[in-house]
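Comments concern the structure below.
The values are calculated or read from the model by the stated rules, or taken from the named source; none is laboratory data. All figures in this text were calculated on a predicted structure; none of them were measured in a lab. Heads up, the Cβs are rebuilt from the backbone with ideal geometry, glycines too, and the neighbour counts pull from every protein chain shown.
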Amino acid sequence: MAQTIAYREALNQALREEMRRDPDVFIIGEEVAEYGGAYKVTEGLLQEFGPERVIDTPISEEAIVGTGIGAAMIGLRPVVELMTINFSLLAMDQIVNHGAKLRYMSGGQLQIAVVIRAPQGAGLQLGAQHSQNLESLYAHIPGLKVVIPATPADAKGLLKSSIRDNNPVMFLEHEMLYASKGEVPDEEYLLPLGVAEVKRVGSDVSLISYSRMLLLCLKAAEQLAGEGIDAEVVDVRTLRPLDAETIVGSVKKTHKAIIVEEDWRFAGMGAEIASKIVEGAFDYLDAPVMRVAAAEAPMPYSKQLEQLALPSADEIVSAARQVTGRRLETVDRRQ
Amino acid sequence: MAVREERLIHTKEELLEMYRRMLLIRAFEEKAAEMYTKGKIGGFLHLYSGQEAVAVGFISVLREDDYVVGAYREHGQCIAKGAEPKYVMAELYGKATGVSKGKGGSMHMFDVKRGFLGGHGIVGGGMPLAIGVGFAIKYRKTDQVCVCFFGDGAVNEGAFHEALNMVALWNLPVIYVLENNMYAMGTAVYRASSIPDLIRRASCYDIEREQVDGMDVLAVREAAERAVRKAREDKEPRFIEAITYRFRGHSMADPAAYRTKEEVEEWRKRDPIPRMEQYLKDNRMVTDDDIKAMRTEVDAEIQEAVDFAESSPFPPPDALYEAIYA
């Protein structure tokens, strides 16, 4: 049986189940306890687990993440919530210079089992400092894992696995997905990190994406189906380790690839995925690998400009038309 | 000497062990310098010569299951916490037998089973980690403590202030030990801090503070006893400023031209090792022959460490990709 719940609720269930299962798991972050989480992901956890395990902090990101990593150094399994990924930049020294490297630098003596959860993404007119997608920054770092679910079911299964994983995991949620609903199994389940999933099977073009862009790809695929273009939609789900095999396998079948990311195109995840496709499926490609991504600009506040900056389903559709040779037209409406 | 009576509490064995450990660290560091100039050791090498009394005095009151978080001038702290010099030397050589299997180096010594949690190369970077260690101790309701050493440069980092606020706010058993050796690399304290009296930089967090002569191992030990008791029994953080001095430059690459010869000479007169030696002699705990025998023993141990490092294998190529993930 399955229940239909919101992404936010799925995350809440994952946290609750893991905290019930393992007394070493605790939650720490700004507004996670009494306020219930800035996006209400941790709502009710203080009431169930008490202030020893659900801990509100001062606004001190470097110290919050350091607390998580330090506690993990001696065996606890913290879940750190950062209010948004934008604030993770204040903690980047702890994440990159410490969390990602302590196991390696200690010759394997330390295990840093910490999950750092943070919402990211744009779409709520929050302006340039609150709308970034920084997954490629963290995916760049050996020693970190980067998990980025799009659906409630994936959010729950991947968060539970991330909490049980013995490494630092950047778990990136999306602000615009918290209210989105989907079916989640009633029984307990885990989803493995590092495994992509084909969310829609198709034969003409591979739409490769993750997080909120997955929903856009599925929408575009419906529209393309009406035009006789059968799109396959691949949800990468984990950026590091990257499941290149599933991505390349899809492209070998469809011979065309479009990578869709909400992040900036330049030096973004799409560049890495494109490289993997070229390395693994060069002889299979019938068209250049394309990318649909955000405008190369800080995110503007004004709604019209913000929507212009973000990738749209229309852009994905026109990119698909172009690579399948159905119609040539300008792909990027900003050019 | 107002604290003389208190000093007599320490057993002779404890006093001799502190002396021996300072000798060991000094001999280790001077040998490391020699091997660095011979090209046996790479990277940065920040030596602890002159500051031995701080690590030895402080760590002498800790239990094996207590934790220490250091910065990048940490060889002495690692040895004081119980690591055998040969494994620390092998680490400097980048050998597979090093404490961190040759993957950490001078700035990243770890001996986790003895509670030595690094070895951190970013100024102030260990301070947030120590909050987490203290947090975990409180979470598990044990009576351990965490001691975090850092230098005078770190007081100007945001991490310093975030960390002090949080350990005080949450009453964590963390003792922050500022080793004020007067210079952050080549920058004298007064050139970097609006308040040259650095203990005042910690004054607004409602943490009990104490300043101690970091060139006097007994004074450090006594301050440590007070602080550790407080942290262990009352679950409270403490802040200690140890006034100390490094006899060498910031690293082996630094001729320390920013300090006068006279200044260095003045501080060398306060060298903690002869000072302790005098104390032991004054109290008739050792003879000159005993001292000589100890020095010979320490020199042999350091030579053995060098031989061990020299004869140990380098890490195999496979080690490059080992221990990135658990």
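Structure notes:
- A:Val54 being buried (at least 20 other Cβ atoms within 10 Å of the Cβ) and touching a residue at least 40 places away in the same chain (Cβ under 8 Å): no
- Answer residue from the range A:88-147, given it is part of a strand (DSSP E or B) and away from chain B (no Cβ under 14 Å) and is nearest to A:Ala294 (Cα to Cα) among those: A:Gln120
- Test: residue in the range B:230-237 that is of a type in the set (Lys, Arg) and without any contact (Cβ under 8 Å) to a residue 40 or more places away in the chain: yes
- Criterion violated by B:Ser49 - all others in (1) farther than 19 Å from B:Ile243 by Cα; (2) more than 14 Å from chain A (Cβ to nearest Cβ); (3) surrounded by fewer than 24 Cβ atoms within 10 Å (Cβ to Cβ) satisfied: (1)
- The criterion of being free of Cβ contacts under 8 Å to residues at least 24 places away in the same chain and crowded, with 18+ Cβ neighbours inside 10 Å does not hold for B:Gly214.
- Exactly one residue among A:Tyr39, A:Tyr104, A:Tyr35 is of a type in the set (Phe, Trp, Tyr), in the same structural domain as A:Lys156 (by TED's automatic domain parsing) and closer than 30 Å to B:Met107 by Cα, and that residue is A:Tyr104.
- Residue list for the range B:278-321, filter: part of a helix (DSSP H, G or I) and among the hydroxyl-bearing types (Ser, Thr, Tyr): B:Tyr279, B:Thr296, B:Ser311, B:Tyr321
- B:Arg270 meets the stated requirement of being basic (Lys, Arg), surrounded by fewer than 19 Cβ atoms within 10 Å (Cβ to Cβ) and closer than 21 Å to B:Val177 by Cα.
- Among residues of the range B:111-137 being at the interface with chain A (Cβ under 7 Å from one of its Cβ atoms) and without any contact (Cβ under 8 Å) to a residue 24 or more places away in the chain, the one that is surrounded by the most Cβ atoms within 10 Å (Cβ to Cβ) is B:Gly132.
- All positions within the range B:68-108 that are within 14 Å of chain A (Cβ to nearest Cβ), of a type in the set (S, T, N, Q) and either part of a helix (DSSP H, G or I) or in contact (Cβ under 8 Å) with a residue 40 or more places away in the chain (or both): B:Thr97, B:Ser106
- Residue under evaluation B:Ala55, criteria (1) facing chain A (nearest Cβ under 9 Å); (2) in a helix (DSSP H, G or I), criterion not met: (1)
- Search result, residues across the range A:54-77 that are outside any helix (DSSP H, G or I) and at the interface with chain B (Cβ under 8 Å from one of its Cβ atoms): A:Thr57, A:Pro58, A:Ser60, A:Ile74, A:Gly75, A:Leu76
- Scanning the range A:288-315 for residues that are among the small types (Gly, Ala, Ser) and surrounded by 15 or more Cβ atoms within 10 Å (Cβ to Cβ) yields A:Ala293, A:Ala294, A:Ala295, A:Ala309, A:Ser312, A:Ala313.
- Count of residues meeting criterion [in contact with a strand residue (DSSP E or B) (Cβ under 7 Å, 6 or more places away or on another chain) and on the phi > 0 side of the Ramachandran plot] in the range A:218-271: 1
- Scanning the range A:172-206 for residues that are polar (S, T, N, Q) and outside any loop (DSSP other than H, G, I, E, B) turns up just one, A:Ser206.
- One residue from B:Ala323, B:Ala227 being over 21 Å from B:Leu178 (Cβ atoms), of a type outside the set (Lys, Arg) and buried (at least 19 other Cβ atoms within 10 Å of the Cβ): B:Ala323
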